[in-house]
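The values are calculated or read from the model by the stated rules, or taken from the named source; none is laboratory data. Bear in mind that the values here come from a model prediction, so they are computed numbers and not experimental data. Cβ placement follows ideal geometry from the backbone for every residue including glycine, while neighbour counts extend to all protein chains displayed. The area values use the complete protein model at the heavy-atom level, side chains included, leaving out ligands, DNA and RNA. Shrake-Rupley method; radii C 1.70, N 1.55, O 1.52, S 1.80 Å.
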Amino acid sequence: MSQSRSRSRAPSSSKPRPRRRHTVKTSLDIAPLLTLLPTWPKEHPAVNNSHPRLDVFRDLVRTLNDLSQLASIKSRFQEKSEKTKEKFLTESQRRRISQAERIQGLYSRGDLHYDEMERLNLTFEHEESKISYEAEEEAFKAFDSEVVTPSHRDLHERITAATAAYADLVALIKARNPIAANSDDQPELLEYLTALKWIFDVRETLHTHTFDLLSNRNDKYKTLILTPLQDARDPSRLQSTTQFFTSDAAARLKEFNNAKVARHEQFMDFIEHQCSLGVEEARSKFWETAPLVMECLEKIPETLENVVPIVPPEEAIEHPEWVEQPMRYLERKISEAEGAMRGLGVEDGEGLLCLLHGVKSALSRAKGEGEVEERRLTEDLKEKVGMIEEEWREGLGGLLERVR
């Protein structure tokens, strides 16, 4: 009896495959963060000094700084004066030659004794001194009418224009709307004050040119008056007249410097007040926004391995590469957040402090306080800027650095 052999499968030695786990991706929406930020970069940042509303003031400063017309007046007069002097020297030399020939002829014929020759020479020198003085007097009158008068009139008109522009800009600064300070509709306070400083500086330059012009005129007049006294050998009158001119020049210089210091002090008071307001405005706006920004940043995970930033449709259209690489979008927006908040919390305040430092330093120089005071002002600026930077690093700046 035959037995049938049954077929059976050998038991499998392989283990069951584990189920594949799907990595869960977390979406990250930073839109709430972006809605909190001030506009950045600004269309007309203050450091560029390019806001169209201040074009008229910048154009005026360029016009007032262009003193080529005054230089031309002075150049033309100098050229004319050189020709007049050359002509005078030629005529003087011809007169001297003629006098020498006349004396020699008389002496050779025996018509002139030695004593008489001395008398004729003294008379000639006296006449020459008189002619020379008259020429100097005419030169002074020409300088007064052809250089001093038109230049002084031009400088006065420029100072008047600068003063009017200064008053107009001060009124605009006082009337500015702090709420709209982050809008491009109106210039930032720093740009307003920078334009005002430019107007102030050009006006001070014009005052200095005016003082130098009149000082030059007085020096020429002094020479004109003292020359005949020197020739007359009258030491007592020469000394008293010299002392008068010296005292007058010192009084004029003192008056000029006092007026200069007074203008600088008034300007510094206004700038200091406005800078204080500006710094407080910037700090207030910063701390209105910073806590909310920090709250949004703290929601960003420290590990972004399984995080996918959401790229808004409008951004995806403009930057399609961000759809494929959304982390680049996140990096870009975090960088913009840092720039916007640093501009509000640090750069606005530092810009105003630096401007104020420049104004205080100019006042110190006007007072002649020297390098010690300059160094003190610089150290004070460094300290204040350092405090702003430290506050930034310990707060929002440090958090942004960690997120980046």
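Brief remarks follow.
- Lysines whose Cα lies under 17 Å from that of K141, excluding same-chain neighbours fewer than 8 positions away: K74, K80, K83, K85, K130, K220, K222
- Accessible area of I317 (1.4 Å probe, protein heavy atoms only, ligands and nucleic acids ignored): about 140 Å².
- The range 169-243: trypsin sites (Lys or Arg not before Pro) falling in loop per DSSP and having at most 12 other Cβ within 10 Å: R233
- Counting only Cα atoms, the chain measures 191, 53, 38 Å along its principal axes, largest extent leading.
- Over the chain, DSSP H runs of length four or greater, each weighted -39,500 (n - 2.57), average out per residue to a 222 nm ellipticity of -26000 deg cm²/dmol.
- GluC sites (Glu not before Pro) within the range 251-306, DSSP loop, no more than 16 other Cβ atoms inside 10 Å: E302, E305
- Apportionment of accessible area to carbon and sulfur, the range 105-207, percent (1.4 Å): 55 percent
- With contacts taken as Cα pairs under 8 Å at a separation of at least 6 residues, the range 310-397 carries a relative contact order of 28 percent.
- Put simply, the Cα atoms of the range 175-293 extend 88, 21, 21 Å along their principal axes, the longest span coming first.
- Burial ranking of peptide ranges 393-399, 187-193, 380-386 (average Cβ count within 10 Å, highest at the top): 187-193, 393-399, 380-386
- Taking amide H as placed 1.01 Å from N in the peptide plane, the amide H of L28 sits under 5 Å from that of V308, I310, each at least 5 places away or on another chain.
- The residues of the range 129-240 expose on average 52 square angstrom of accessible surface per residue, using a 1.4 Å probe on protein heavy atoms.
- The count of lysine pairs in the range 283-404 whose Cα atoms are under 20 Å apart, excluding pairs fewer than 8 places apart on the same chain, comes to 4.
- Cross-link reach list, aspartates and glutamates versus K174, counting only Cα pairs under 16 Å and skipping chain neighbours closer than eight places: E188, E191, D269, E272, E280, E281
- For the range 20-99, the list of trypsin sites (Lys or Arg not before Pro) that fall in a loop by DSSP and count at most 12 other C-beta atoms within 10 angstrom reads R20, R21, K25.
- Semi-axes of the equivalent ellipsoid of the range 51-163 are 55, 12, 6 Å, computed as sqrt(5λ) over the eigenvalues of the C-alpha gyration tensor in descending order.
- When the residues H209, H273 are ordered by accessible surface, computed with a 1.4 Å probe over the protein chains alone, the sequence from largest down reads H273, H209.
- Taking the 1.4 Å solvent-accessible surface of the range 329-375 as the whole, the part contributed by carbon and sulfur is 47%.
- Furthest towards positive pole of dipole, A282, L172, W392, structure part the chain, Cβ charges: W392
- The listed residues W287, W392 rank as W287, W392 when sorted by accessible area, largest first, using a 1.4 Å probe.
- The range 250-316 - percent of accessible surface contributed by carbon and sulfur, probe 1.4 Å: 54 percent
- Euclidean distance between Cα centres, the range 373-393 to the range 228-298, Å: 23 Å
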